[in-house]
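The values are calculated or read from the model by the stated rules, or taken from the named source; none is laboratory data. Remember, it's a predicted structure, so these values are computed and weren't measured experimentally. For neighbour counting, all protein chains shown are included, and Cβ atoms are generated from backbone atoms with ideal geometry for every residue, glycine included.
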Amino acid sequence: MSEAPSPRQLFVTFLGIALSGFGGVLPFARRTLVERRGWIGADDFNETLALCQSLPGPNVVNLSIVVGARAAGWRGSVAAVTGLVAAPAVIVTALAMLYARFGGIAQTQGALAGLAAAAAGLVVATASRMAAPLLRRRWRLTAPFMLAAFAAVGVLQLPLPYVMAALAPASVALVWRRPG
Amino acid sequence: MKPLGDTLSVLAVQFALLSLMAFGGANAVVPEIHRQAVDIRHWMSDREFAALFAIAQAAPGPNFLVSTLIGWKAAGIAGALVATLGMCAPSCVLTYWISKLWDRRREAPWRVAIGAGLAPVAVGLVCSSAFVLARAADRNWRLAAVTGLCAAALSFSRISPLWCLAAAAALGFAGALA
């Protein structure tokens with residue numbers, strides 16, 4: 001991390017992430033925090049996201065709390081999460097009000113369908129960018145757990161707490177025995 | 001119709017509980033939100049729920065904002081505020097304390113092992129959401145092509161995702177993806 005961002009910078013950055021986050025915020029969070037601002041390294045991002053995923057609550061909200069806390073304590077957390085949530089909450093409510101009036105129009109439905117498809121593509125790209133550094137270094141150790149998590153949650157749709165309870169300790173134990 | 005105060009306290013309690021149950025993010029508790037809002041409280045119909053969910057997905061911002069819309073539908077602006085705070089606040093406080101603890105032990109071997117061990121599982125979960133979202137969104141081959149093209153463009157180039165989203169929305173608006 002270069003210089004620790006101030007609460008104000010955190011607020012503005014997370015506001016920007018939130019407002020560009022059509023169809024989901026995670027792709028934009030990674031792009032901004034890792035690739036553009038360099039506030040967090042690629043590996044550190046994966047680990048931090050993993051921590052946020054193993055805690056309850058919306059993942060990206062948790063991420064904003066952790067990034068904010070590291071940079072500027074609880075003020076940083078409050079600034080980051082407010083930037084992430086406040087404006088989008090107003091926008092989404094306004095959209096729901098509009099939809100209540102104009103939702104039946106075919107063009108609206110079409111645009112929503114196109115957005116959703118593109119948003120799915122964004123998440124695919126984010127997944128591949130996150131996977132690349134792990135697979136390049138120690139794929140024998142990481143690929144099985146990646147695939148297992150994908151099969152269990154994505155394909156079989158098993159409840160997440162059970163999947164985490166099964167996979168996380170096994171993966172941690174393997175790393176513990178073969179560090180580096 | 002029950003008094004507004006009652007609905008607000010129900011929203012506050014419901015979403016605070018959901019916040020602490022939402023392991024893996026808000027999408028993990030969507031079935032439970034649906035059960036509460038449609039089947040138990042009768043705040044909205046099944047179709048209205050699906051529409052609100054799609055709006056929260058498509059709108060800018062975190063996807064958990066579907067909670068905001070459930071609150072809005074149940075109790076207007078005050079409901080939106082209460083549901084949003086309820087869904088965020090408990091998990092935020094918890095995450096804050098745990099991350100403090102986590103970062104204080106940055107160099108500890110167990111901390112390194114947990115971090116490195118959880119990472120592949122986290123990536124697998126992001127792959128899962130990609131898969132679930134794509135399956136829900138790609139109702140025909142044109143939409144599937146949009147997903148594939150966006151994924152390729154964003155994996156192999158540095159163009160802004162907003163171009164992909166804008167192009168896809170424009171194509172859909174023009175009726176080219178139906």
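If only residues of region B:132-147 that are under 18 Å from A:L26 (Cα atoms) and at pLDDT 85 or above are counted, the one that is farthest from the chain's Cα centre (by Cα) is B:T147.
The set of residues in region A:42-82 being of a type in the set (K, R) and either buried (at least 24 other Cβ atoms within 10 Å of the Cβ) or within 7 Å of chain B (Cβ to nearest Cβ) (or both) consists of A:R70 alone. When you go through (1) crowded, with 18+ Cβ neighbours inside 10 Å; (2) more than 8 Å from chain A (Cβ to nearest Cβ) one by one for B:W72, which number turns out not to apply? Condition not satisfied by B:W72: (2).
None of A:A100, A:A96, A:A86 is part of a helix (DSSP H, G or I) and either touching a helix residue (DSSP H, G or I) at 6+ places or on another chain (Cβ under 6 Å) or within 16 Å of A:P27 (Cα to Cα) (or both) except A:A96.
Can you tell which of A:P133, A:P144 is crowded, with 16+ Cβ neighbours inside 10 Å, more than 7 Å from chain B (Cβ to nearest Cβ), modelled with pLDDT under 90 and under 21 Å from A:A168 (Cα atoms)?
Exactly one of A:P133, A:P144 is crowded, with 16+ Cβ neighbours inside 10 Å, more than 7 Å from chain B (Cβ to nearest Cβ), modelled with pLDDT under 90 and under 21 Å from A:A168 (Cα atoms), namely A:P133.
The set of residues from region B:156-178 being part of a helix (DSSP H, G or I), facing another protein chain (nearest Cβ under 8 Å), at pLDDT below 90 and surrounded by fewer than 20 Cβ atoms within 10 Å (Cβ to Cβ) comprises just one member, B:L162.
Residue check: A:V123 meets all listed conditions (1) surrounded by 24 or more Cβ atoms within 10 Å (Cβ to Cβ); (2) free of Cβ contacts under 8 Å to residues at least 60 places away in the same chain; (3) β-branched (V, I, T) but one, namely (2).
Among the listed residues A:A69, A:A4, A:A50, which satisfies the condition of being farther than 27 Å from A:L95 by Cβ, more than 13 Å from the chain's Cα centre (by Cα) and modelled with pLDDT under 90?
Selected residue: A:A4, the only one of A:A69, A:A4, A:A50 that is farther than 27 Å from A:L95 by Cβ, more than 13 Å from the chain's Cα centre (by Cα) and modelled with pLDDT under 90.
In region B:59-98, the residue that is nearest to B:L17 (Cα to Cα) out of those that are in a loop (DSSP other than H, G, I, E, B) and without any contact (Cβ under 8 Å) to a residue 12 or more places away in the chain is B:G61. In the set (1) part of a helix (DSSP H, G or I); (2) closer than 22 Å to B:L65 by Cβ; (3) not aromatic (F, W, Y), A:L51 fails one condition alone, (2). Within the group B:R106, B:R47, B:R35, B:R111, which residue is at negative phi, among the basic types (K, R), without any contact (Cβ under 8 Å) to a residue 60 or more places away in the chain and part of a loop (DSSP other than H, G, I, E, B)? The conditions single out B:R106. Per the listing A:A87, A:A118, the residue uniquely closer than 30 Å to B:G79 by Cβ and either in contact with a strand residue (DSSP E or B) (Cβ under 8 Å, 6 or more places away or on another chain) or touching a residue at least 24 places away in the same chain (Cβ under 8 Å) (or both) is A:A87.
The rows are residues; the columns are (1) more than 30 Å from A:A151 (Cα to Cα); (2) at the interface with chain A (Cβ under 8 Å from one of its Cβ atoms); (3) surrounded by fewer than 22 Cβ atoms within 10 Å (Cβ to Cβ); (4) over 20 Å from the mean Cα position of the chain (by Cα).
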site	(1), (2), (3), (4)
B:L20	no, yes, yes, no
B:E32	no, no, yes, no
B:G76	yes, no, yes, yes
B:V82	yes, no, no, no
B:I98	no, yes, yes, yes
B:R104	yes, no, yes, yes
B:V121	no, yes, no, no
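Restricting the first member to region B:130-144 and to residues that are at the interface with chain A (Cβ under 7 Å from one of its Cβ atoms), and the second to residues that are not basic (K, R) and not in a helix (DSSP H, G or I), the beta-carbon pairs closer than 9 Å and six or more apart or on different chains are B:V132/A:Q157; B:L133/A:G23; B:L133/A:G24; B:A137/A:G23; B:L143/B:L177.
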